[in-house]
Every structure is written in structure tokens, then in C-alpha cells.
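Trainee: Can you read through this structure? Questions will come right after.
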Amino acid sequence: MILTALNDYYERLAAQPDSTIAPIGYSYEKISFGLVLSPEGKLVDVQDLRDTSSKKPRPSLILVTQPPKRAGVNPPPAFLWDNTKYALGITEGQDEKAQKRAAEAHKAFREYHENVLADTDDEGLLALLRFLRQWQPEHSHGYPKLSDEVLDTNVVFRLEGEQQLIHQREAAKALRKQLLDEAETPEGTCLVTGERAPVARVHPSIKGVKDAQSMGASIVSFNEKAYESYGKSQGDNAPVSEKAAFAYTTTLNHLLRNEPDNHQRLQIGDATTVFWAIADDQSQTQAAEQTFAQMLNPRASDESETERLKRLLDSVARGQPLREQDPGLNDEAQIYVLGLAPNASRLSIRYWETGSLRSFAQRMTQHYQDLSLDPLPWKTFPGIWRLLLETTPHRGKDKKGSWDDILPQLAGELTRSILTGRRYPRSLLTNIIMRMRTDGDISDLRVALCKGVLARDKRLGVKGIQEEVPVSLDKENANPGYRLGRLFAVLEDAQYAAQGNVNATIRDRYYGSASTTPASIFPVLINNYGNHLSRLRKDKPGLAVNLEKEVGEIMDGLGPTFPKNLRLEAQGQFAIGYYHQSQSHFRKPETAEQGEDQ
């Protein structure tokens, strides 16, 4: 299903009048330099083709003939371009082994082109052939422009006095098509298209997945006898036609391209996520993709985008079509989401989800509603990556997490649950509770995640979750965890009112134990509270009376003794009660209505 969807998307992209997708037999590769040849085959110049728009020059993506998949002892050369090891026989490595490999690679490049260009009469192709016949790698130091920064980069060829590259000449294109048509490949029934066609023995490489092999990795591959069966080898075990294999890998490479204007790629944990839309026309497709990108990864710096997303999700919550807020949106546009993670020479599928734009908008709306608290714990919608950072240890004075600490399995499960509307991973609540106990950061988003897990489980009817999870302060809520969290917040306020800023508050010292084994800690806290209250009766009698009332109201609903321990769900309720009670002390009376408007 995944390969079929990618193949269909390739055909749609290729059919567009202004399409930039690579045609069959070609691919976009990172090219750094162009070697300018005279008609006699002399190297007359080396042109820098790199992109210099940023501080550091970087290779440009240029459409060239598709490179072969290189593996084994004697990797084959590319047609009419390659890295300097193949094209010139020179490499950065100076040791004997590296020089020997470069000599062998250049020999393979020269012999291959001697064979395929033997009958050509094209001026540009003949210039390349003459160059290869007379070029001596050991004399490369005589060309000042073949500097160290050229070594081991990809190079193309250009005929002197012309703008187009040699592989772009009509004769080169015709020869490339002829080589593809003459390739002798056994036929089989393609599992993607259902047609009988030449079967790809090895699928082209997929590049751009974070932390995968730089030379590219594969979704479908059979590189060991243990993975083969019934006497079949390599691609025959899962027959995919060469055309379909090219289409789905080219589409993935297109989606994975690392360019600033690529809004179809997003990094979530270790999973490189790509997505695309299918709608009635190109404008609806682009609008659907941009809207989905905003839902998955809201930009905190763009206030207009935040406001637009809020209007869209509010509209969905009211049951209204998306097009009422934005006429350019098609509610039935189909969205495809694929998460890829590195796995040695292969790629793992972290998640794969499809559905209409409206269905994904409904799930994202429900996701934010599940997380919602009063007051709202965010100014801009938190993307998945922000939520994942809350599951990592918060270190230093700024209490920030690190990408490197995100658990890959948790990242995939959380993303999948958001995209499908199913339960959040059970490990999410466990992880958040553990983090709050160990690093002491009871951040707003961490509390929101606790509330989200409990609220979603209640809504989905998960066994053992019977109580509603309050969005705002609920003084009637009798849940022991919730009431103890409220009590802990009041006791902390009493300490601050009596002592001011101290090196370590009761939250710093006792939050972890108070939220897990209340009976062992709260008697100590209540005793300290009595000392703080005595001081406040002298200095701030009005505040002392209010604190006494709050503590009395909370403890009236707890029973005669404190619970010996709290279950995981009750610890989540503890965090929510603590958040509600703490925030209520910072809010002005008129702020409540503003919170509801948000």
C-alpha cells in the first residue's frame, strides 16, 4: 500500500506541466563542480557550481543520469558524471590503498564510456571520450583549479563555449534511453502495479533520512541468503518492476530533499516524517499540505499562522467544514503520512497513516482538547516535537530538554496516537511522572500531557479510568490525587508567604515523595505549615485566614488519614490539582473569561 501510494504520487507529479520530479532514468544529485572540455578533449576550466547563498558553499542539486546502486568489490560508474575518484582518478586519501581504489574506479569509468560512446558522433560526447583517452590522473597537480576542495566531490562535464552540460545534450538523452531499453532484466508480475514488467533486482537508494547511511538506504532489500526463499535472489523475492521501484524511490527522495522551501518534511524524534496531499487541483493540494504542516508543526514565531490554526481548529470543534474558514481548503483532500527511521542499511517504517484533511483536523482538534487546561498551558500550539522534549530530562537553569534524549519508540507511538486518535502510549504518563519526580520541573506542558493521557483514556472508555479529568480548578473533585496536589500547592504558597524566596522550596524537596507516598510526607508538611501560619498571623493575618480556609476545605474531602501511596493515574491527578491550585493564585478574577475565549 505504501509503495502503491508513492508510485501514484510520482505519476501525478510527473504529469504536472511545471513538474520538477526526476524523469525515469534520472535523479537529482549533489553536484559541486563542472569540468569544461575543449572539442579536442582538453580540460580547459573547472567551474564552481556550488550554492553560495549561505555562509558555507554547498553542492547544488542538479538533474543527472540516475547513479547505479554501489555495493560489492567493483561498484559500477555513473553515466556522464561521477565523483572525482571515478571521473578523474583522484581522491583526497593519499595512502596507497586509497590511490589504488581511485585508479581502479577511473579505469572502470573510462572503459564503461569507451563501450557506450563507441558509435557516437555527437561533438560533446566525443569531447568526453577524447578526454578520458588522454587524461592522466598523476598529472592532475598540473591543473591549479583542481584544488583540494574539488577532491571527492561530484562533477559533471560541459563542452567549451556551451551552457548546457554534456549529459543534457539531446544525443546524451537518446543514448540514455537506449541503454535503459536494452537492459536485459527478467520479467515478473509487479506487486505494486499488477503488470508484467522487468523486475528490479536492486532498488535505488533513498537519501535524506536523518542518521541513515549517507550513501542511501532501502525500504525493500534482500542482502543475505537468510532473507531469501524458494531459490529466489534479491528483488525476485518481492517483485517490483523497475519502473515502480524508480517511481517510489524518486518520490521519497523528492519528499526528503533538504531544502528551506520543503514543507513536506518534518523531523519527529528519530523519525523523518514526510507527507503529501491529493486534491482536485494543485492549489487545493498545496493548501492542504501547508495546513497539515501547520497542524503537525506550528511555528511559535508566526502569530498570524497561530491565529489561523486556532480559527480552523475551533471551526472543526463546532462541526463546521474547513472551507468555511478557508475557501481554498478541500475537506476531502487525501493526506498521506509516512515516518521513516534508520535501521543499519535499511529504513524502518515508524508509522503510515492516510485519511482526509478533515479527519486529520478532527484528530488534531481532539488532541489539543485533551491537553487543554485552564489557564491554557501554551501561547502557541505545541507541536509534537515540543511535547517530546517534555519527556526528556530538563537540565540547567533554563530547564530545557535535548533532542538526543528523546526515546525513539515513544516518539513513534506518540505521533501515531495523535494521527489516529487512539490512546496515547501508556509509557507517556509513566515517563512524564518519572521526569517530574527526578528533575523537579513541573512544567505546564508536562501537566498538560498528564491530563491528556487521563482524559483520552476516560473518553475512550479504557478500563480502570472512571473519573472525569477537570479542565479548570474543581473544588468539588474528590479524587485523592487531585486534592493532595491542590493541598501541596497551598502549602507551598504558605511557605513562600512566610519565608519569601528560599534556596529550596517544598516542591524542590518533597514533590516526588508527596505525589507517590503521601502518608510519609504530608504530616511533616502540615507540621511545617503550622509554623508558617503562626508567622503569617502576625505579619499577614488576612492571608493567614484565607490559607486556613483553603487548607480546611481541601482536607475536609480527604478523610481521616493520608493515602499510603498513589497509583500512576492518581499521580497524574496530583500534578493537575497542583497546577490548577497554583495558577488560581496568579489569576485576577476577570481572567477566567479570557481563558475560556482562548
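The values are calculated or read from the model by the stated rules, or taken from the named source; none is laboratory data. If you're wondering where the values come from, they're calculated on a predicted model, not measured in any experiment. All Cβ positions, glycine included, derive from the backbone under ideal geometry; neighbour counts span all protein chains shown. Protein only, heavy atoms only, side chains kept; ligands, DNA and RNA dropped before computing areas. Shrake-Rupley method; radii C 1.70, N 1.55, O 1.52, S 1.80 Å.
This table checks each residue for (1) within 40 Å of the chain's Cα centre (by Cα); (2) of a type in the set (Asp, Glu).
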{"position": "Glu138", "(1), (2)": "no, yes"}
{"position": "Val156", "(1), (2)": "yes, no"}
{"position": "Leu159", "(1), (2)": "no, no"}
{"position": "Leu165", "(1), (2)": "yes, no"}
{"position": "Gln168", "(1), (2)": "yes, no"}
{"position": "Lys173", "(1), (2)": "yes, no"}
{"position": "Thr193", "(1), (2)": "yes, no"}
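Trainee: So is Asp48 farther than 22 Å from Gln282 by Cβ and either charged (D, E, K, R) or in contact with a helix residue (DSSP H, G or I) (Cβ under 9 Å, 6 or more places away or on another chain) (or both) or not? So that I can check it myself, show each step before the final result.
Mentor: Working: farther than 22 Å from Gln282 by Cβ: yes; either charged (D, E, K, R) or in contact with a helix residue (DSSP H, G or I) (Cβ under 9 Å, 6 or more places away or on another chain) (or both): yes.
Considered against the rule, which asks whether it is farther than 22 Å from Gln282 by Cβ and either charged (D, E, K, R) or in contact with a helix residue (DSSP H, G or I) (Cβ under 9 Å, 6 or more places away or on another chain) (or both), Asp48 comes out as yes.
Here is a yes/no grid of residues against (1) in contact with a Phe, Trp or Tyr (Cβ under 6 Å, 6 or more places away or on another chain); (2) surrounded by 22 or more Cβ atoms within 10 Å (Cβ to Cβ):
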| site | (1), (2) |
| --- | --- |
| Arg437 | no, no |
| Ser443 | no, no |
| Gln466 | no, no |
| Ser472 | no, no |
| Tyr482 | no, yes |
| Phe488 | yes, yes |
| Asn501 | no, no |
| Ala514 | yes, yes |
| Ile521 | yes, no |
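Trainee: Separate question: Among (1) surrounded by fewer than 21 Cβ atoms within 10 Å (Cβ to Cβ); (2) of a type outside the set (D, E, K, R); (3) in contact (Cβ under 8 Å) with a residue 40 or more places away in the chain; (4) out of contact with any Phe, Trp or Tyr (no Cβ under 8 Å at 6 or more places or on another chain), which single condition is Pro327 missing?
Mentor: (3)
Trainee: So, one more: Look through region 461-517, keep the residues that are of a type in the set (Gly, Ala, Ser) and more than 39 Å from the chain's Cα centre (by Cα), and return whichever of them is farthest from Gly552 (Cα to Cα). Steps first, please.
Mentor: Step one: filter region 461-517 for residues of a type in the set (Gly, Ala, Ser), giving 461, 464, 472, 478, 481, 485, 489, 494, 497-498, 500, 504, 512-515.
Add one more test, that the residue is more than 39 Å from the chain's Cα centre (by Cα), and what stays is 478, 494, 497-498, 500.
Numbers: Ala478: 14, Ala494: 14, Ala497: 18, Ala498: 19, Gly500: 23 Å.
For region 461-517, the residue satisfying everything is Gly500.
Trainee: What's the total number of residues in region 323-334 that are modelled with pLDDT of 95 or more and outside any loop (DSSP other than H, G, I, E, B)?
Mentor: Qualifying residue count for the region: 1.
Trainee: Specify which of the listed residues (Pro68, Pro59, Pro77) is over 14 Å from Leu132 (Cα atoms) and at pLDDT 90 or above. Don't jump to the end; show me each part of the working.
Mentor: Details: Pro68 fails: at pLDDT 90 or above; Pro77 fails: over 14 Å from Leu132 (Cα atoms).
None of the other options fit; the residue is Pro59.
Trainee: Show me the helices (runs of 4 or more DSSP H) entirely contained within region 462-558 in which 3 or more residues are on the phi < 0 side of the Ramachandran plot and either free of Cβ contacts under 8 Å to residues at least 12 places away in the same chain or touching a strand residue (DSSP E or B) at 6+ places or on another chain (Cβ under 6 Å) (or both).
Mentor: Working: elements: 480-499, 506-516, 518-539, 541-556.
Of the helices (runs of 4 or more DSSP H) lying wholly inside region 462-558, those with at least 3 residues that are on the phi < 0 side of the Ramachandran plot and either free of Cβ contacts under 8 Å to residues at least 12 places away in the same chain or touching a strand residue (DSSP E or B) at 6+ places or on another chain (Cβ under 6 Å) (or both) span 518-539, 541-556.
Trainee: Then there's this: Contact list please: Cβ distance under 8 Å, first residue in region 278-300 and within 16 Å of Val337 (Cβ to Cβ) and touching a residue at least 60 places away in the same chain (Cβ under 8 Å), second residue hydroxyl-bearing (Ser, Thr, Tyr) and not in a helix (DSSP H, G or I), pairs at least six apart or on different chains.
Mentor: Going by the 8 Å Cβ cut-off, the qualifying pairs are Ile278/Tyr336; Leu296/Thr273.
Trainee: Tell me yes or no: at least one residue of region 292-309 is farther than 22 Å from Ile2 by Cα, of a type in the set (Lys, Arg) and surrounded by fewer than 20 Cβ atoms within 10 Å (Cβ to Cβ).
Mentor: Step one: of region 292-309, the residues farther than 22 Å from Ile2 by Cα are 294-295, 297-309.
Of the ones still in play, those that are also of a type in the set (Lys, Arg) are 299, 308.
This time we only want the ones that are surrounded by fewer than 20 Cβ atoms within 10 Å (Cβ to Cβ), so: 299, 308.
Yes, the conditions are met somewhere in region 292-309.
Trainee: Moving on to the next point. Among the residues that make up region 84-91, is at least one of them outside any helix (DSSP H, G or I), within 28 Å of Asn223 (Cα to Cα) and either open to solvent by 80 Å² or more (accessible area, probe 1.4 Å) or touching a Pro at 6+ places or on another chain (Cβ under 6 Å) (or both)? Write out each step before concluding.
Mentor: Taking region 84-91 as the starting set, the residues that turn out to be outside any helix (DSSP H, G or I) are 88-91.
Of the ones still in play, those that are also within 28 Å of Asn223 (Cα to Cα) are none.
No, region 84-91 contains no residue that is outside any helix (DSSP H, G or I), within 28 Å of Asn223 (Cα to Cα) and either open to solvent by 80 Å² or more (accessible area, probe 1.4 Å) or touching a Pro at 6+ places or on another chain (Cβ under 6 Å) (or both).
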